[in-house]
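A short write-up of the structure that comes next.
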Amino acid sequence: MLRYWTAGESHGPALVALVDGFPAGLTVDKAVIDGELVRRQGGYGRGGRQRIETDAVRFLSGLWHGTKLGSPLALEVVNKDAKLEKLEDVDRPRPGHADLPGSIKHLGGVRAVLERASARETAARVAAGGLARQLLSVFGIEVAGWVTELGGVVLGDRPGTLPELRALRDSSAIYSLHPERDGEVTTLIDRIGKEGDTLGGVVAVRVDGLPIGLGTHAQWDRKLDGRLAQAVMAVQAIKGVEIGMGFEAARRRGSEVHDPIHYDPAARGGTQLGFTRPTNNAGGLEAGITNGQPLVVRAAMKPISTLRKPLESVNLRTKQAEDAAYERSDVCAVSACSVIVENVVAFEVAAALVDKFGGDSVEEMAARWRLYHDLARER
């Protein structure tokens, strides 16, 4: 089983991801992980914290001469803005954050909750995802994410290969597939920032090259769609997840939703085993199992709850009405959210890949991959 945990606080010394179950034998490229961490810090609308931090990963265990050993990996991302011991507690909880329910749950202060609840924690998750995507690439599986909506401005998707779409996204200040509309959106972000408010949006992730058969229909907690939904919903500020057509499927007839199945003998040698679909409304998943089509996941991010023009709150000491506290924050982090969601999806897909083809080494996984597809073609 491939899994990971994270540890660390927003202004503590570092964030750490402990990855267990990763197969041995993969040569790990630190630059790939660092590249994802840099993208997470980017995107128009970010705040001052991103000018302080220059995120990069450090491996504390699990590698020898850059190659994965058969032991757990510990990944560290150092916080340059480490000042937790100097910070005071917060008396005025922010609506929409973990401040109030978390402090009551733990019978403690707000600071003890907000430091861990902060989206700064996602740097560790992106590091784990940057590692996982290198395992996926061995099997020809690609992952990319982008912004499809920001502050009510619908930007949408575009057809194309993932390398083509990635190039478009990387040319956009907001990580969308429509860089020609950057000016419209950045102007909106600037205006909202001056008003002391924040913006949310919608991000999408696509995974290409998946085989038929990752995930399972047999147990509710092992279905891949359920695992993906949990991983994405667990990202800070995410309030909704869709796979494929998502909620729109509930508004249409079955004949308009389900993807017809065709067979092309000429394509029998690929991972789809010759089975093709004219549409992909299911988003690559049926009954919790990948069907060989591209996996498509979307997530809705609410506006950041830390407002420069704060909402009404209550002082926890005096119980008197006061404005909520302000902690340094972003106006809009939807671009960064697309990177985070992309990498948590990458990790869950890699975990499903290990479940299906797992062994102690990448070489063993590759042999099982080949055997599975040979047996499927014979069938």
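Suppose we filter Ala333, Ala350, Ala376, Ala366 for residues that are within 20 Å of Arg222 (Cα to Cα) and of a type outside the set (Val, Ile, Thr); which single one remains? On inspection, the qualifying residue turns out to be Ala350. Residues that are of a type in the set (Asp, Glu) and within 23 Å of Ala14 (Cα to Cα) within region 69-122 comprise Glu76, Asp81, Glu85, Glu88, Asp89, Asp99, Glu115, Glu121, listed in sequence order. Scanning region 143-153 turns up one or more residues that are crowded, with 17+ Cβ neighbours inside 10 Å, under 30 Å from Glu312 (Cα atoms) and of a type in the set (Asp, Glu).
Annotation note: Cβ proximity below 8 Å between a residue of region 75-94 that is more than 12 Å from Leu316 (Cβ to Cβ) and open to solvent by 30 Å² or more (accessible area, probe 1.4 Å) and a residue that is of a type in the set (Asp, Glu) and at pLDDT 90 or above (sequence gap 6+ or interchain) occurs for Leu84/Glu9; Leu84/Glu115. Annotation note: Cβ proximity below 8 Å between a residue of region 117-137 that is within 21 Å of Asp355 (Cα to Cα) and open to solvent by 10 Å² or more (accessible area, probe 1.4 Å) and a residue that is among the polar types (S, T, N, Q) and at pLDDT 95 or above (sequence gap 6+ or interchain) occurs for Arg125/Thr6; Arg125/Asn343; Arg133/Asn343.
Filter region 335-375 for residues that are over 20 Å from Gly25 (Cβ atoms) and either open to solvent by less than 30 Å² (accessible area, probe 1.4 Å) or in a loop (DSSP other than H, G, I, E, B) (or both) and give the result.
Start the filter on region 335-375 by keeping residues that are over 20 Å from Gly25 (Cβ atoms), which leaves 335-345, 348, 373-375.
Matches in region 335-375: Ser335, Ala336, Cys337, Ser338, Val339, Ile340, Val341, Glu342, Asn343, Val344, Val345, His373.
Among the residues of region 2-31, the ones that are open to solvent by less than 50 Å² (accessible area, probe 1.4 Å) and out of contact with any strand residue (DSSP E or B) (no Cβ under 8 Å at 6 or more places or on another chain) come to 3 in all. Only strands (runs of 3 or more DSSP E) whose full extent lies in region 260-318 are considered here, and the ones with at least 2 residues that are buried (at least 17 other Cβ atoms within 10 Å of the Cβ) and within 29 Å of the chain's Cα centre (by Cα) are 289-291, 295-301.
Among the residues of this structure, Ser305 does not count as one that is in contact (Cβ under 8 Å) with a residue 40 or more places away in the chain and either touching a strand residue (DSSP E or B) at 6+ places or on another chain (Cβ under 9 Å) or β-branched (Val, Ile, Thr) (or both). Let me spell it out: the conditions are (1) touching a strand residue (DSSP E or B) at 6+ places or on another chain (Cβ under 9 Å); (2) surrounded by 14 or more Cβ atoms within 10 Å (Cβ to Cβ); (3) farther than 30 Å from Ile192 by Cβ, and Gly70 meets all of them except one. Which number is the exception? Going through the list (1) touching a strand residue (DSSP E or B) at 6+ places or on another chain (Cβ under 9 Å); (2) surrounded by 14 or more Cβ atoms within 10 Å (Cβ to Cβ); (3) farther than 30 Å from Ile192 by Cβ, Gly70 breaks only (2).
The values are calculated or read from the model by the stated rules, or taken from the named source; none is laboratory data. Everything quoted here is computed from the prediction, not taken from an experiment. Cβ atoms come from the backbone with ideal geometry, glycine included; neighbour counts cover every protein chain shown. Quick note on the areas: whole protein, heavy atoms, side chains included, nothing else; ligands and nucleic acids left out. Shrake-Rupley method; radii C 1.70, N 1.55, O 1.52, S 1.80 Å.
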